């Protein structure tokens with residue numbers, strides 16, 4: 001009996017030692033595979049590693065370095081183990097089915113990889129960022145006035161850090177392909193003009209007084225509502241209804257009185273066709289405005305029968321453009337006129353064509369804080 005007890009004791013001790021070795025080895029393995037040296041040892045991480053080593057998280061005035069694990073592995077044993085389990089797919093994509101093993105492949109996958117990491121950080125309430133950067137530890141008096149204002153507002157809402165601080169350690173992806181592909185799809189779905197139907201412009205369109213008019217400076221703006229009056233060959237005659245200031249030359253037509261949401265710009269050849277429908281005073285500016293209608297000719301392509309797909313496209317453009325650096329602002333953040341300066345202030349941070357910018361601006365303006373929402377705004 002004593003011998004059996006002695007054997008059981010030895011087996012228990014041996015089992016405990018083996019268990020301790022396994023746990024310690026596993027923990028050391030987790031610790032080693034979380035190190036920056038291990039992460040950058042993979043050939044597929046060459047591009048990401050070089051970008052990280054050029055960032056402020058790698059080298060800065062304070063000498064405090066954020067390692068790979070500090071951003072990509074959430075704190076806590078359970079979240080860390082979950083992330084390690086997910087990383088098995090990264091091993092598969094590295095050794096069995098390489099997907100980012102060349103700079104070209106990495107460039108193709110950059111947007112997908114970035115969005116995946118941003119979502120992971122957002123889902124954890126930016127726990128990795130906040131393990132070092134805590135709102136309650138910030139001294140706003142030592143921040144620039146702009147940073148203090150932004151961080152005070154973010155602290156009040158306990159905002160996700162990643163909403164405003166994308167691109168800190170790695171180059172931003174080009175997010176434009178999605179909405180540009182969507183625009184191409186809209187062009188393919190453009191509607192042929194039917195007399196009596198209401199259509200909306202997809203693009204900027206030259207307008208003129210007759211069906212054989214030459215291209216001039218008169219222009220229909222994107223996302224402008226028109227009614228089809230007649231057709232002649234490849235050209236279409238449409239009616240524009242909008243507003244203009246009573247004072248002045250009256251060439252700029254807006255969608256609303258008192259708001260600079262542009263519908264069209266007329267030239268001298270079109271002015272004689274203008275018909276004044278009614279007059280009213282804008283309560284904010286106290287200026288008199290005229291509602292007018294004017295028939296114009298244009299090419300028959302580039303129209304769509306429903307404005308909602310245009311707004312969906314513009315919303316996708318807003319999401320892709322703004323989310324590259326910060327959280328997407330609500331369209332009600334500014335008034336219709338306020339969005340002109342608001343968008344211009346950000347123009348150095350995005351790359352849109354002039355026409356894309358005009359569509360985006362019109363989307364923001366027609367969904368702004370001081371614009372009543374109708375079926376054509378949704």
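The values are calculated or read from the model by the stated rules, or taken from the named source; none is laboratory data. What you are looking at is a predicted structure, and each value in this text was computed from that prediction instead of being measured. Every residue, glycine among them, receives a Cβ derived from its backbone with ideal geometry; neighbour counts consider all protein chains shown.
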Requested in this report: Hey, can you tell me all the residues within region 152-180 that are more than 15 Å from the chain's Cα centre (by Cα), part of a helix (DSSP H, G or I) and within 23 Å of residue 350 (Cβ to Cβ)?
Outcome: 153, 154, 161
Query - Check on residue 203, under 19 Å from residue 311 (Cβ atoms) and touching a strand residue (DSSP E or B) at 6+ places or on another chain (Cβ under 7 Å) - result: no
Report summary line: If you go through 237, 244, 260, the only one that is in contact (Cβ under 8 Å) with a residue 40 or more places away in the chain, in a strand (DSSP E or B) and either outside the structural domain of residue 339 (by TED's automatic domain parsing) or touching a helix residue (DSSP H, G or I) at 6+ places or on another chain (Cβ under 8 Å) (or both) is 260
Requested in this report: Filter region 335-355 for residues that are at pLDDT 90 or above and either within 15 Å of the chain's Cα centre (by Cα) or surrounded by 15 or more Cβ atoms within 10 Å (Cβ to Cβ) (or both) and give the result.
Outcome: 335, 336, 337, 338, 339, 340
Query - Any hit, region 369-376, residues being assigned by TED's automatic domain parsing to the domain that holds residue 207, surrounded by 17 or more Cβ atoms within 10 Å (Cβ to Cβ) and within 30 Å of residue 246 (Cα to Cα) - result: yes
**Report entry** Single match in 125, 155 (criterion: free of Cβ contacts under 8 Å to residues at least 40 places away in the same chain and touching a helix residue (DSSP H, G or I) at 6+ places or on another chain (Cβ under 6 Å))
**Finding:** 155
Query raised in the report: Restricting attention to region 315-334, does a residue exist that is touching a strand residue (DSSP E or B) at 6+ places or on another chain (Cβ under 9 Å) and more than 16 Å from residue 223 (Cβ to Cβ)?
Result: no
Requested in this report: Could you tell me whether any residue of region 71-92 is assigned to a loop (DSSP other than H, G, I, E, B), modelled with pLDDT under 85 and within 20 Å of residue 49 (Cα to Cα)?
Outcome: yes
Requested in this report: Select, from 91, 9, 81, the only residue that is over 21 Å from residue 127 (Cβ atoms) and assigned by TED's automatic domain parsing to the domain that holds residue 114.
Outcome: 91
Query raised in the report: Out of all the residues in region 117-128, is one or more part of a loop (DSSP other than H, G, I, E, B) and either more than 23 Å from the chain's Cα centre (by Cα) or modelled with pLDDT under 85 (or both)?
Result: no
